[in-house]
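Student: Attaching a single structure in structure tokens format; questions to follow.
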């Protein structure tokens, strides 16, 4: 797969992949991680999150797991059975890396450097 041919990722896709780069998480954990990483600037609603997760599963950029090792926040065995966990796949990690490299290349452009540096 040639990741340089991929279009830029959507905001939701980028942040979900980035959140999962820290380890496997359930849906609510992903929402919390995204809000934390972005200092509240990005808040994924359930519809956006689960639509994104569905597309990422279909693309095989993430996979579903049965449980998260060491997850201590679950109080109900019934809730545990319904909770789905997700992890970044190797291909998903490659896509995330390609996107981060694309963003990094953009920030190196002279006019972007001028803008970020506050020069006119």
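Student: Give just the number: which of (1) in a helix (DSSP H, G or I); (2) surrounded by 10 or more Cβ atoms within 10 Å (Cβ to Cβ); (3) modelled with pLDDT of 90 or more does residue 80 not satisfy?
Tutor: Unmet for residue 80, out of (1) in a helix (DSSP H, G or I); (2) surrounded by 10 or more Cβ atoms within 10 Å (Cβ to Cβ); (3) modelled with pLDDT of 90 or more: (3).
Student: Would you mind telling me which numbered condition in (1) modelled with pLDDT under 90; (2) out of contact with any helix residue (DSSP H, G or I) (no Cβ under 8 Å at 6 or more places or on another chain) residue 113 fails?
Tutor: Of (1) modelled with pLDDT under 90; (2) out of contact with any helix residue (DSSP H, G or I) (no Cβ under 8 Å at 6 or more places or on another chain), only one is false for residue 113: (2).
Student: Then there is this: Within segment 21-45, track down each residue that is part of a helix (DSSP H, G or I) and surrounded by 17 or more Cβ atoms within 10 Å (Cβ to Cβ).
Tutor: 27, 29, 30, 31, 33, 34, listed by residue number.
Student: Further question on the same structure: How many residues, within segment 13-49, are under 17 Å from residue 94 (Cα atoms) and under 10 Å from the mean Cα position of the chain (by Cα)?
Tutor: 10
Student: Return the total of residues in segment 3-20 being surrounded by 14 or more Cβ atoms within 10 Å (Cβ to Cβ) and either out of contact with any helix residue (DSSP H, G or I) (no Cβ under 6 Å at 6 or more places or on another chain) or assigned to a helix (DSSP H, G or I) (or both).
Tutor: Number satisfying all stated conditions: 11.
Student: For residue 58, indicate whether it is under 18 Å from residue 85 (Cβ atoms) and surrounded by 17 or more Cβ atoms within 10 Å (Cβ to Cβ).
Tutor: no
Student: Please specify each residue of segment 46-77 satisfying the condition of being at pLDDT 95 or above, within 16 Å of residue 30 (Cα to Cα) and in a loop (DSSP other than H, G, I, E, B).
Tutor: Within segment 46-77, just 61 meets the criteria.
The values are calculated or read from the model by the stated rules, or taken from the named source; none is laboratory data. Treat the numbers as computed from the prediction; the structure is a model and nothing was measured. We place every Cβ from the backbone using ideal geometry, glycine too, and count neighbours over all the protein chains shown.
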